[in-house]
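Q: Structure provided below as C-alpha cells; questions to follow.
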Amino acid sequence: MIQKLFLFFLLFMNLCCTSQKAKVDDTVVLFLDANIPHLDPIHSTNKYSSTVISNIFEGLYHYHYLKRPITLEPSLAEGEPQISPDGKTYTIQLKKGVFFQDDPAFPNGKGRELKAEDFIYSWRRLADPMNKAMGWWVLDGLIVGLNEWRNDLRAGKANYQTPIKGLSAPHSHTLVIQLTRPSFQFLHFLAMPVTMVVAQEVVEKYGQEIANHPIGTGPYRLEHWDRNSEVRLIKNKNFREVFYPSEGSAEDEKRGLLSHKGQRLPLSEKITVKVITERQPLWLSFLKGQVDHGVVPTDNFDQVFENNQLKKEFVDKGIRVLEQYRPDVTMIAFNMEHPLLGKNKKLRLAFAHALNSDLILEKFYNRRGIVAQGPLPPLLDGYDPDYKNNLDFNLEKARQLLKEAGYPDGKDLPVFDFELSNNATWSRQMGELLKDLWGQVGIQIRLVINTWPQFDQKLKNKQATLFEMAWSADYPDSENFLQLFYSKNVSPGSNNSNFINRDYDQLYEKALQLPPSPERTLLYKKMVDFINNEVPTLFLVHRIYRLPYHSWLENYNEHPIIYDFYRYLKVNTQIKEKNWSQL
Amino acid sequence: MKRYFLRRFLYTFPTLFGVSLVLFFIFNGIGGDPAYQLAGKNASLEQIENLRQQLGTHQSLLHQYKDFLWQTVTLDWGQSWYFKENINSMLLKGLGPSLALTVPSFFFTLLLALSVALSFSYFRSEKSHSLLTWFCLSLMSVSFLTFIIVFQYLFAFKWGLFPINGWSQDFPFVLSFLLLPWFISIIVSVGPDILIYRTLFQEEINKDYVKTAQAKGLLTTQILYKHILKNSMLPILSLLLSRIPQLLLGSLLLESFFGIPGLGGIMIQALQNADFPMVKAITMMSSLVYILLNLLADLLFLLFDPRVELK
Amino acid sequence: MAPIFSSHFKSLGRTPPSIVFAIFCLALFGLITLFVELDLIATDYRVTHYSQVYLPPSFEFPMGTDFLGRDMLSRALHGVSIALIVGFLSAFIATVIGLLLGVIAGFWGGLWDEFIVWLYTTLDSIPSLLLILALSFVLGQGLEHLFLVLGLTSWVSLCRLIRSEVIKQRSLEYILTAQALGVGQIRQIYYYILPNILHIALIQFALIFVYAIKAEVILSFLGLGVEPGEPSWGVIINDAKSELTQGIWWGLFIATTLMFLLIFSVNLITDFMRKKLDPQYHSSH
C-alpha cells in the first residue's frame, strides 16, 4: 500500500514537472466564463457561441479591430455595397479565391470556393422554421419574399430550390439583396454571426450534428471541442491573404497594438479556449498563468487595484489591464401592464429616487462604470456624457413621491416580486442591496431567483412585475436600444416593460427613416428624454470592462461588438518564459 | 428459484412504468416553456406557437407521454433543445469524465474504509473505537461545499500543488486535474463507510465461531481476512451495487468547481435551460441502470446467501 | 403514552459525557432558535452598514460583517433557526409519511402493500438528487418549499424499514395472542406495534434531519434554497466561495462551525441510539 502510494506520488511529481515545461509554448490560451451550447451560426445569439463562431466563420462585413468610432469594413465582400437610390437594393460583390476549410464533406476533402449562392443558402437556413433559428429576428420581415418562403416551407409548399425574390446571385460572386424597406442597420446585420456563411454540403453531411462540425471560411478551424471544458482552434491553412490592420490611434501605437501591422493573419497557430464558469477558479488560473487573460472577481477588486491603477505587485508580474467601454446598459424594468406600477407614475418615480445607483456602481461594479442616465450607452450615436436625467438618488423625494402616489411610507403597498434572471451569487447579492434600498422608504420587494427559461417566459408572458435586465448592442446603432420601448415590440418581443406610447412610436419611426445625421442624433436624444420622463425602466450602469491580461499576450484588444479578435493575438514566448518564473 | 427470479424480473416493469410516470409529470413542469427561450430576442406570438408545434409541446400530455415511452423503449432521445446535439452522443461524451472522477475515488474510498474498519476490528479497546467514531462523525458533520471551497483554496491556490481547474484528453496529464477532486470525494464519503463496514465486521466478530477461535487465542489476521471479510462481503457488495448509479451521474459540485466536463454539469445545465429531452434522458437512463443493478443484487443474494427466503 | 416508551428506551443506561455534550449543544441550538423566532436575539441581521462592509471580527461585530455590512454573527444565528426548521420539518414530513405508509403496508398487507412497495420502489429508482432538483424547480425557492421538497423525497428508507419490522412484529406471538383476544386493529398498532418500531423512526428522523440540513447547502449553491436574502448557512457558505481568496474567512468559519456543532451532536446521539436501541442497525443502510 505504502509503496503504491509512493509510486503514485512520484508519478504525480513527474506530471507536475512536465506540465510546467509544456506550458511555455506559443498557444494562445483564452477563457469563456460559460459553456458554449453549440457552434451553429444561425443560433448564435449568445456571447459564447458567437465568440467561437466568429473566429471560424465569416460574414460579408466585419468591424475594424482598432478604428473608433466603430467602423465596418468588408470581410467576404469585395468593397462597399452598391445601394440603389431608394435604399432597398443592395448589390454586393464577393471576394474571389475564398475557400471553405477542408472537410470530408467536400470532394476529396478539399474545401471548395465560396460562391454567392452560399449566402442565399445560409440565410434560407436561418429562415427555415424547422431549424428553429434563434437569430431569425435579424432578417425577419426585412428581405423581400423571405418571410413568404418561410411560411410556404412550413406549409410544405416550397423547398430550398424555390426562388426568393429578394435574394439572387446573378453571377457566382455577385449577391443582390432586395429589402422590404430601407434599413440603415442592414450592413451591421451582415456583420453579425447569425448571417455568417456555411456550406450546404457540410450541413447536409452532418445533419443534426452540424452544431459540432463548424466549417467556415474563417482564420481558424475547430480542432477539438470538449463540451464544458475547452475548445481548441487551429489555423486554417486555406485562409486567404488578410493582414493585420495598419491604422490605429496614437494610444493603440503606444500600447503596441500596431507592432504587427501588415503581417498576415492569423498570427497564432493555435488557440485554446478554456471554459471556466466559476469566477474564483478563473481568477486563480489567470494568476498562475494558466490562461492569458482573465476577469477580476468583484470581491478581489481592492486586492488588485489601488486608485484605479493596477497594484505594483501585479504590474511587476507582467500583468496588464485592458480598459474599455462596451455599448451596454443594465436596467430595472417595470411591467407597464401591472395595474399599480403601470398607471402610477409617482410610484415608479419613488422607486427611481430611492435607487442609489452610485452605491450599486461601487458595490457591484467596483466603481468601474458610469451611472446610466438613459438607455443609450457610450460609443453610440446620441450618447452625451454631460447629460443628466432628473432621477437623482434622494430618499426624501422618494418618500414624498410615495406619499403623493397614495402610499405614505409604503402603507397598503403590496410586496412586489423582483425577478432575478439567474442564480449567480452576484445577482442575488445585488437583489439584496435593492431590497434594502427600497425598504428604507417602505417599498417591500421579494427576490425570486429564476432559471433563464423561467425568467424569459415570465417576461415574454408579461407575468413579471419588476425585473432586472441588461442589454448589450447587437450592432452599434442606438436604434438597437431605443427599439426596447417601441410599441410594436412589446412582449414576447424585446419591449419587455411593455411600454406603449404613440408619441414615442412616432419619434422612433421617424428616426428609422433617417440616415446617420445630426437630425437623427437629435431625435435619439429626444427619445431618451421621453423615456426618462415616463420611467418605464430605471437605468443603472454602463459598464467599463477592466480585463487583466499577461503582457506576453500581444495585440489583446477585445472589440466592443464582436469577438472575432483571435486572429490578431500572439503569445510572445520570450516574455512568457521570463514572466512564468515570477508567477 | 427460477420462478422467484422471473417474478423479480417481471416486477421491474411496474417500477419502470412508475418511474416514467413520475419523471414525465414532474419534469414536464420544470422551469418554463422552452418555446419562449428558443424564439429568441424579438419573438412574436406566432413564432412561439410554431415552435411549440415543432417541439411537440402543444400536444396533449397523453400523446407526449406516449412519445416519451417510445423513446425509452428505443433509447433514442433525439436532439437536445439547448445544445442542438444528439443526446446519446452527448451522454456518451460526458460519461467518460464523470466515471474518471467517480470510479477511482469510489475504489480508493472502498479500500481505505475497508482497511481502516478491518484494522480497527483488530483492536478491541473501547477507546480506540470511540476515537474512530468521533473522527468519522466529524468528517460527516462538515458540508461538502465547505470541503471543496477550503481544499481548492488551500491546495490549489495557496500552495499551488494542483491546477485549479481544467481537463485534458491526454491520459497521464489528466490525472493532475483529478487528484484533488478525488481526494475531496474520498474525504466526504469515507466517514460513513468506515462506520458501516466496522459494524458489519463487528457483527461477524461477535458470532460464535469467531468467539471460539478467539478463546483459543486464534484471532489472527487470517481469521480477519479469510472469514470476517469474506462473510461480510455480501452486504458490502449489495451496498456498493446500489451506489453505481450515482457514479454514472458524476458529482455536480466537484464537476462545476474543477471544470470537469461530465454528466453532472450537463444535467444541471439541462435543468437550468428547461432542456426537457435531455433531463428525461439522463433521469430515465440512470433509473434504468439502478433498476437493473437492483435486480443483479437480488440475484447475487439469491445465489450466495442461503438465508434469503423465497417469498 | 406510557406504552410508547417501551423497554427499548429504558435500556439506554449510563450516558457517556460525549452524549451529555451533544444534548447540551442541541438544547443550546433549540434556545437560540426560540430566541431568534421571538425576536429576542440577532434582531439586527438585516441592518446594513454600507460603510462597514467585510469587517473582520471585532468587539462590535464578533464574527465580522458581510458584503452589506450586516452583522455576521446575527446572520449565522438566524441560520441556526433556519437549519433547525428545515431539518426538523423535513424529517417530520418524511417520518410521518414513512411511518404511516410503512405501518399500513406492513400491517394490512395485500393490495395496500403492493401499492406502497411499488410507490417507494419507484421513487427509490430515480436518483434522489434529480428528484429534488426537479421538484425544487417546479415549486421555486422559499423555506416552505424547501422542507416540503426534502420531506417528500426522503421517506423511502424509513418506510421500507418500518414495513419489514411491522411484518416481523405482526407474526410474533403476543400480537397473535392480542388478535385472538379480539383487540382492535388500531389498538394493536398503538399498543403493541408502535412501541417496537418507534426507535427505528427516531433514528431515521435524526438521519433525515442531518441530511436535510446538508442538502440545503447544495440547493443554495444552485439558487434553490431559502428565499434570497435570508441568511441560511448554505447561503453564507456559498458567499464564501469568492470571499475566501481575499481573506474573508469569518462567514465560512462561523457557518461551518455552527453547522458542525449541530450535525456532530445529532450524529453522536444517533450513533448512541443505534448502538443501544437497534440490534441490527447495519441493515438500515
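Q: Pull up the range A:208-253, narrow it to residues that are part of a helix (DSSP H, G or I) and of a type outside the set (S, T, N, Q), then point me to the one that is farthest from B:G78 (Cα to Cα). So that I can check it myself, show each step before the final result.
A: First, the residues of the range A:208-253 that are part of a helix (DSSP H, G or I): A:208-212, A:250-253.
Still in the list and also of a type outside the set (S, T, N, Q): A:209-211, A:250-253.
Numbers: A:E209: 11, A:I210: 14, A:A211: 14, A:A250: 54, A:E251: 52, A:D252: 50, A:E253: 52 Å.
Residue satisfying both the conditions and the ranking: A:A250.
Q: While we're on this one: Between C:F137, C:F107, which is open to solvent by less than 30 Å² (accessible area, probe 1.4 Å), under 18 Å from C:L194 (Cα atoms), at pLDDT below 95 and assigned to a helix (DSSP H, G or I)? Let's see the steps before the verdict.
A: Working: C:F137 fails: under 18 Å from C:L194 (Cα atoms).
That would be C:F107, the only listed residue that is open to solvent by less than 30 Å² (accessible area, probe 1.4 Å), under 18 Å from C:L194 (Cα atoms), at pLDDT below 95 and assigned to a helix (DSSP H, G or I).
Q: Being open to solvent by less than 30 Å² (accessible area, probe 1.4 Å) and either assigned to a helix (DSSP H, G or I) or more than 7 Å from every other protein chain (Cβ to nearest Cβ) (or both) is the filter here, so list the residues in the range B:23-54 that pass it.
A: B:L23, B:F24, B:F27, B:P34, B:A35, B:Y36, B:Q37, B:L38, B:Q47, B:I48, B:N50, B:L51
Q: If you don't mind, there's one more thing I want to ask. Would you call A:P339 more than 14 Å from chain B (Cβ to nearest Cβ), crowded, with 22+ Cβ neighbours inside 10 Å and at pLDDT 90 or above? Show your work before the answer.
A: Values: more than 14 Å from chain B (Cβ to nearest Cβ): yes; crowded, with 22+ Cβ neighbours inside 10 Å: no; at pLDDT 90 or above: yes.
No.
Q: Another question, then. Using the structure shown, decide if C:F260 is under 27 Å from C:G87 (Cα atoms) and without any contact (Cβ under 8 Å) to a residue 24 or more places away in the chain.
A: On the way: under 27 Å from C:G87 (Cα atoms): yes; without any contact (Cβ under 8 Å) to a residue 24 or more places away in the chain: yes.
Spelling it out, C:F260 is indeed under 27 Å from C:G87 (Cα atoms) and without any contact (Cβ under 8 Å) to a residue 24 or more places away in the chain.
Q: Return the pair list, or none, for Cβ contacts closer than 7 Å from residues in the range C:224-247 that are under 22 Å from C:V47 (Cα atoms) to residues that are at pLDDT below 85 and not polar (S, T, N, Q), at least 6 apart or on different chains.
A: From residues that are under 22 Å from C:V47 (Cα atoms), the pairs are C:E243/A:D299.
Q: Given C:L99, C:L152, C:L146, which one is open to solvent by less than 10 Å² (accessible area, probe 1.4 Å), within 17 Å of the chain's Cα centre (by Cα), at pLDDT 90 or above and aliphatic (A, V, I, L, M)?
A: Details: C:L99 fails: open to solvent by less than 10 Å² (accessible area, probe 1.4 Å); C:L152 fails: open to solvent by less than 10 Å² (accessible area, probe 1.4 Å).
After applying the criteria, what remains is C:L146.
Q: Restricting to the range B:59-81, give me the number of residues that are more than 21 Å from A:Q208 (Cβ to Cβ) and either open to solvent by less than 30 Å² (accessible area, probe 1.4 Å) or within 14 Å of chain A (Cβ to nearest Cβ) (or both).
A: 1
Q: From the list B:F162, B:F173, B:F177, exactly one residue is within 11 Å of another protein chain (Cβ to nearest Cβ) and either of a type in the set (D, E, K, R) or outside any helix (DSSP H, G or I) (or both). Which is it?
A: Working: B:F173 fails: either of a type in the set (D, E, K, R) or outside any helix (DSSP H, G or I) (or both); B:F177 fails: either of a type in the set (D, E, K, R) or outside any helix (DSSP H, G or I) (or both).
Within the list B:F162, B:F173, B:F177, the selection yields B:F162.
Q: A:Y121 is checked against (1) under 30 Å from A:N212 (Cβ atoms); (2) touching a Leu at 6+ places or on another chain (Cβ under 9 Å); (3) not hydrophobic (A, V, I, L, M, F, W, C) and fails just one. What number does that condition carry?
A: (2)
Q: Could you grab me the full set of residues in the range A:288-304 that are surrounded by 22 or more Cβ atoms within 10 Å (Cβ to Cβ) and modelled with pLDDT under 80?
A: A:D299
Q: Can you name the condition, by its number, that B:T102 falls short on among (1) within 14 Å of chain C (Cβ to nearest Cβ); (2) outside any helix (DSSP H, G or I)?
A: (2)
Q: Go through (1) modelled with pLDDT under 95; (2) under 25 Å from the mean Cα position of the chain (by Cα); (3) of a type outside the set (A, V, I, L, M) one by one and return the number of the condition A:S122 breaks.
A: Condition (1) is where A:S122 drops out.
Q: Checking C:I218 against (1) under 23 Å from B:R198 (Cα atoms); (2) surrounded by fewer than 24 Cβ atoms within 10 Å (Cβ to Cβ); (3) within 16 Å of the chain's Cα centre (by Cα), only one condition comes out false. Which one?
A: The single condition C:I218 does not satisfy is (1).
Q: Related question: Of A:Q513, A:Q506, which residue is farther than 26 Å from A:D386 by Cβ, free of Cβ contacts under 8 Å to residues at least 40 places away in the same chain and surrounded by fewer than 17 Cβ atoms within 10 Å (Cβ to Cβ)? Please lay out each step first, then the result.
A: Details: A:Q513 fails: free of Cβ contacts under 8 Å to residues at least 40 places away in the same chain.
Every option except A:Q506 fails the conditions.
Q: Criterion first (of a type in the set (A, V, I, L, M, F, W, C), under 23 Å from C:F260 (Cα atoms) and open to solvent by 20 Å² or more (accessible area, probe 1.4 Å)) does B:F157 satisfy it?
A: Details: of a type in the set (A, V, I, L, M, F, W, C): yes; under 23 Å from C:F260 (Cα atoms): no; open to solvent by 20 Å² or more (accessible area, probe 1.4 Å): yes.
Answer is no for this residue.
Q: Here's another thing I want to ask about it. Just to be sure I understand, how many residues within the range C:220-236 are among the aliphatic types (A, V, I, L, M) and touching a Ser or Thr at 6+ places or on another chain (Cβ under 6 Å)?
A: Count: 3.
Q: Another question, then. Taking the stated definitions as given, is A:S246 within 29 Å of A:N555 (Cβ to Cβ), at pLDDT below 90 and not acidic (D, E)? Working first, answer last.
A: Working: within 29 Å of A:N555 (Cβ to Cβ): yes; at pLDDT below 90: no; not acidic (D, E): yes.
Criteria not met by A:S246.
Q: Restricting to the range A:168-197, count the residues that are among the aliphatic types (A, V, I, L, M) and part of a helix (DSSP H, G or I).
A: The initial filter retains those residues of the range A:168-197 that are among the aliphatic types (A, V, I, L, M), namely A:169, A:175-177, A:179, A:187, A:190-192, A:194, A:196-197.
When the remaining residues are screened for being part of a helix (DSSP H, G or I), the result is A:187, A:194.
Residues meeting the conditions: 2.
Q: Let me ask another. State which residue is nearest to the other protein chains (Cβ to nearest Cβ) when the search covers only the range B:190-215 and only residues that are over 16 Å from B:T133 (Cβ atoms) and open to solvent by less than 40 Å² (accessible area, probe 1.4 Å).
A: The residue in question is B:E204.
Q: Condition check: open to solvent by less than 20 Å² (accessible area, probe 1.4 Å) and under 17 Å from A:I53 (Cβ atoms). Does A:F100 satisfy that? Walk me through how you get there before you give the answer.
A: Values: open to solvent by less than 20 Å² (accessible area, probe 1.4 Å): yes; under 17 Å from A:I53 (Cβ atoms): yes.
Against the criterion (open to solvent by less than 20 Å² (accessible area, probe 1.4 Å) and under 17 Å from A:I53 (Cβ atoms)), A:F100 qualifies.
Q: Separate question: In this structure, does A:L153 turn out to be in a helix (DSSP H, G or I), closer than 19 Å to A:I56 by Cα and in contact with a Phe, Trp or Tyr (Cβ under 9 Å, 6 or more places away or on another chain)?
A: Numbers: in a helix (DSSP H, G or I): yes; closer than 19 Å to A:I56 by Cα: no; in contact with a Phe, Trp or Tyr (Cβ under 9 Å, 6 or more places away or on another chain): yes.
For A:L153, the condition - in a helix (DSSP H, G or I), closer than 19 Å to A:I56 by Cα and in contact with a Phe, Trp or Tyr (Cβ under 9 Å, 6 or more places away or on another chain) - is not met.
Q: Another question about this same structure. In the range C:26-68, which residues are more than 31 Å from the chain's Cα centre (by Cα) and small (G, A, S)?
A: Of everything in the range C:26-68, those that are more than 31 Å from the chain's Cα centre (by Cα) and small (G, A, S) turn out to be C:S51, C:S58.
Q: Give the residues of the range A:223-249 that are in contact with a helix residue (DSSP H, G or I) (Cβ under 6 Å, 6 or more places away or on another chain) and of a type in the set (A, V, I, L, M, F, W, C), sorted by residue number. Full working, then the answer.
A: First pass over the range A:223-249, keeping only residues in contact with a helix residue (DSSP H, G or I) (Cβ under 6 Å, 6 or more places away or on another chain): A:228, A:231.
Matches in the range A:223-249: A:V231 only.
Q: Could you please give the count of residues in the range A:246-287 that are away from chain B (no Cβ under 14 Å) and open to solvent by 60 Å² or more (accessible area, probe 1.4 Å)? Explain how you work it out, then say what you get.
A: Here is the first cut: in the range A:246-287, the ones away from chain B (no Cβ under 14 Å) are A:246-271.
Still in the list and also open to solvent by 60 Å² or more (accessible area, probe 1.4 Å): A:246-247, A:250-251, A:253-255, A:259, A:261, A:263-264, A:269-270.
Qualifying residue count for the region: 13.
Q: In the range C:226-249, what count of residues is obtained for those that are small (G, A, S), surrounded by fewer than 24 Cβ atoms within 10 Å (Cβ to Cβ) and more than 11 Å from chain A (Cβ to nearest Cβ)?
A: Counting residues in the range C:226-249 that are small (G, A, S), surrounded by fewer than 24 Cβ atoms within 10 Å (Cβ to Cβ) and more than 11 Å from chain A (Cβ to nearest Cβ) gives 0.
Q: Can you tell me which residue within the range B:220-233, out of those that are of a type in the set (A, V, I, L, M, F, W, C) and open to solvent by 30 Å² or more (accessible area, probe 1.4 Å), is farthest from the chain's Cα centre (by Cα)?
A: The initial filter retains those residues of the range B:220-233 that are of a type in the set (A, V, I, L, M, F, W, C), namely B:223-224, B:228-229, B:233.
Checking the rest, the ones that are also open to solvent by 30 Å² or more (accessible area, probe 1.4 Å) come to B:229, B:233.
Values: B:L229: 24, B:M233: 20 Å.
Within the range B:220-233, the match that is farthest from the chain's Cα centre (by Cα) is B:L229.
Q: Quick one: in the range C:34-79, of everything that is of a type in the set (G, A, S) and within 13 Å of chain A (Cβ to nearest Cβ), which residue is farthest from C:S242 (Cα to Cα)?
A: C:S51
Q: Among the strands (runs of 3 or more DSSP E) lying completely within the range A:345-455, list those that include at least 2 residues that are open to solvent by less than 40 Å² (accessible area, probe 1.4 Å) and in contact (Cβ under 8 Å) with a residue 40 or more places away in the chain. Step through it out loud before you land on a result.
A: Numbers: elements: A:369-371, A:416-420, A:445-449.
Those strands (runs of 3 or more DSSP E) span A:369-371, A:416-420.
Q: In the range A:131-138, is there at least one residue being in contact (Cβ under 8 Å) with a residue 60 or more places away in the chain, in a helix (DSSP H, G or I), within 14 Å of another protein chain (Cβ to nearest Cβ) and surrounded by fewer than 22 Cβ atoms within 10 Å (Cβ to Cβ)?
A: Scanning the range A:131-138, I find at least one residue that is in contact (Cβ under 8 Å) with a residue 60 or more places away in the chain, in a helix (DSSP H, G or I), within 14 Å of another protein chain (Cβ to nearest Cβ) and surrounded by fewer than 22 Cβ atoms within 10 Å (Cβ to Cβ), so the answer is yes.
The values are calculated or read from the model by the stated rules, or taken from the named source; none is laboratory data. What you see is a predicted model; the values in this text were computed from it and never measured. Using ideal geometry, Cβ is built from the backbone for each residue, glycine included, and neighbour counts are taken over all protein chains shown. What goes into the accessible areas is simple: the full protein's heavy atoms, side chains included, and nothing from ligands, DNA or RNA. Shrake-Rupley method; radii C 1.70, N 1.55, O 1.52, S 1.80 Å.
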